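As structure tokens, the structure follows; a few thoughts come after it.
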Amino acid sequence: MSKPLHAISASTASITGGLTRQTGANPPRLADRQRTDRSSLISATVVRGFARFADFATTTLLGLFIALAYVSEPSVGSNPVYLGAIAVTGLLTVGMFEVLGLYSIAAFTAIVRNMPRLVLGWTVAWGLIVAGVFFMKIGADVSRVWLAAWFTAGAAALVGERLVLAGIARNWMRKGRLYRRAVIYGGNEVTESVLAQLEADRASDIRIFGIFDDRDDVRTPRVISGYPVIGGLGELIAFARQTRVDLVIVALPMSAEARLVAVTKQLSMLPADIKMPAQSSAVRFSPRTYSRIGNLPMIDLCDKPITDWGKLVKSQFDVVVAAVALVLLAPIMLAVAAAIRLDSRGPVLFRQKRYGFNNELIEMLKFRSMFTDRCDAAAAKLVTKDDPRVTRVGRFIRKTSLDELPQLFNVLMGELSLVGPRPHALQAKAGTELYDVVVDGYFARHKVKPGITGWAQINGWRGETDTPEKIRKRVEHDLYYIENWSLFLDLYILVMTPFALIQTKNAY
């Protein structure tokens, strides 16, 4: 049986504390100390992208503003030299900063140490434009005062911008939001080598919670390279369900094929990257086959879905569309609410606990479609055709899915997405069996946020799930969506949803 999170944390503290007392040593450099943190990871890729945009915008807008203020607007607008020089300088600045390594997380937080490189990059970019103006013999068309003022103000503005970025990045780093939280499964020589290489990488963005292994203490020590061995696979999954885990490193030899397959199958249900050190296998592939954690080559076993820019775009798309939809659909929602109050006693809204992202429980909102004294909050019994528990208005709003409209508020609260696997009630069954009993790997559908509509729904798999085949088909379509997500797929599903609602054969 898996230990709860507080028990895992307590055992970890006990092991680490005992080790410290015995050796007098500090915990390893990469040891994770925020074990109960649930805050989301802020993608380093997105942070670097915004930093590049900020540098480009700072230099170009400042150059344009000074030109308009000093040279006069008609001259700047009619002279392509100014606009061309401003745009090229912005691009050169970003390029120089890239060459000088100023777009790493370490560079963002260490602004004082990197300030000379920052000024050097800006100076070289600006100097190249000045050289271009000189060699192209167009100096007469460009104001030297503008160039000098732009250089001075640009250097100050870039330093100021990076100071702000440093403050934000340091705050996120203190909260652990810029570090990938990792755990290791398997306690052996490969694990020791991986830990040594990660500890040696001073720029590592990895923080390690601990090591998990199902073997007994005789075969696996309780502490490896200063990191505690906390429990087995069950404890690892329980921990990842209750806090944030971004990366699982499976340090098993490739020769243990059966064990590797079994472990990977269980871990693949988690919303995390699953990787295996390349040194676990004697086979050496092309360098392009490997991904890397710092300088450590890894074989990808399973990727975390919808990350980096995809995650940002999807979340912003959800918020904007949900807000617009609530405004446009407000008259319909008011009419439905009035009809429910006139048809039967009780509240207009029905609140139900359902599984959300990473098996987290969320309270989903729906328009009430059943009589108050017959509501089934756990959905222990499926709604069937002509179900006496459903009101007259309830039958209509269930068939047309109007009962789902309040879930737009769940989207704004960040609990649901517009598109994703539909969230299921805690006791939902296919026939007489719970969904996770019927479908092997059922919880893999919780690797992304659930949605109001989804790929399964527009392909006819909505409504009653009275047979195992129906829920298997739903999960099959949900997993296809997760593995093939794109913004265009979300748009397609949203467009096709009204047409799918016309097919009400299984919706009661």
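Is it true that TRP122 is farther than 30 Å from ILE206 by Cα, aromatic (Phe, Trp, Tyr), at pLDDT 95 or above and out of contact with any strand residue (DSSP E or B) (no Cβ under 6 Å at 6 or more places or on another chain)? Taking the combined requirement at face value, the residue satisfies it.
Given (1) of a type in the set (D, E, K, R); (2) within 27 Å of LEU402 (Cβ to Cβ); (3) modelled with pLDDT of 85 or more, where does GLU464 come up short, assuming only one miss? Among (1) of a type in the set (D, E, K, R); (2) within 27 Å of LEU402 (Cβ to Cβ); (3) modelled with pLDDT of 85 or more, the lone unmet condition for GLU464 is (3).
The single residue among MET298, MET254 that is part of a loop (DSSP other than H, G, I, E, B), assigned by TED's automatic domain parsing to the domain that holds SER204 and among the aliphatic types (A, V, I, L, M) turns out to be MET254. Candidates are the residues of region 215-251 that are more than 29 Å from the chain's Cα centre (by Cα), without any contact (Cβ under 8 Å) to a residue 60 or more places away in the chain and in a loop (DSSP other than H, G, I, E, B); the one that is surrounded by the most Cβ atoms within 10 Å (Cβ to Cβ) is THR220. Annotation note: Cβ proximity below 7 Å between a residue of region 279-305 that is farther than 23 Å from SER255 by Cβ and a residue that is small (Gly, Ala, Ser) and crowded, with 16+ Cβ neighbours inside 10 Å (sequence gap 6+ or interchain) occurs for GLY294/SER204; LYS304/ALA272. Mind counting the residues in region 284-293 that are surrounded by 15 or more Cβ atoms within 10 Å (Cβ to Cβ) and either of a type outside the set (A, V, I, L, M) or at pLDDT 90 or above (or both)? Number of matching residues: 1.
Looking across region 202-214 at every residue that is assigned to a loop (DSSP other than H, G, I, E, B) and among the charged types (D, E, K, R), the one that is nearest to the chain's Cα centre (by Cα) is identified as ASP205. Does region 447-468 include one or more residues that are closer than 17 Å to ILE362 by Cα and of a type in the set (A, V, I, L, M)? Yes.
Screening region 343-369 for residues that are of a type in the set (Phe, Trp, Tyr) and under 25 Å from ALA272 (Cβ atoms) and picking the one that is surrounded by the most Cβ atoms within 10 Å (Cβ to Cβ) gives TYR355.
Taking the criterion of being closer than 30 Å to ASP214 by Cα, buried (at least 20 other Cβ atoms within 10 Å of the Cβ) and in contact with a Ser or Thr (Cβ under 6 Å, 6 or more places away or on another chain), the residues of region 146-189 that qualify are ILE184, GLY187.
The values are calculated or read from the model by the stated rules, or taken from the named source; none is laboratory data. Quick caveat, the model's predicted, so the values are computed rather than measured. Positions of Cβ are generated from backbone atoms using ideal geometry, with glycine treated the same way; all protein chains shown enter the neighbour counts.
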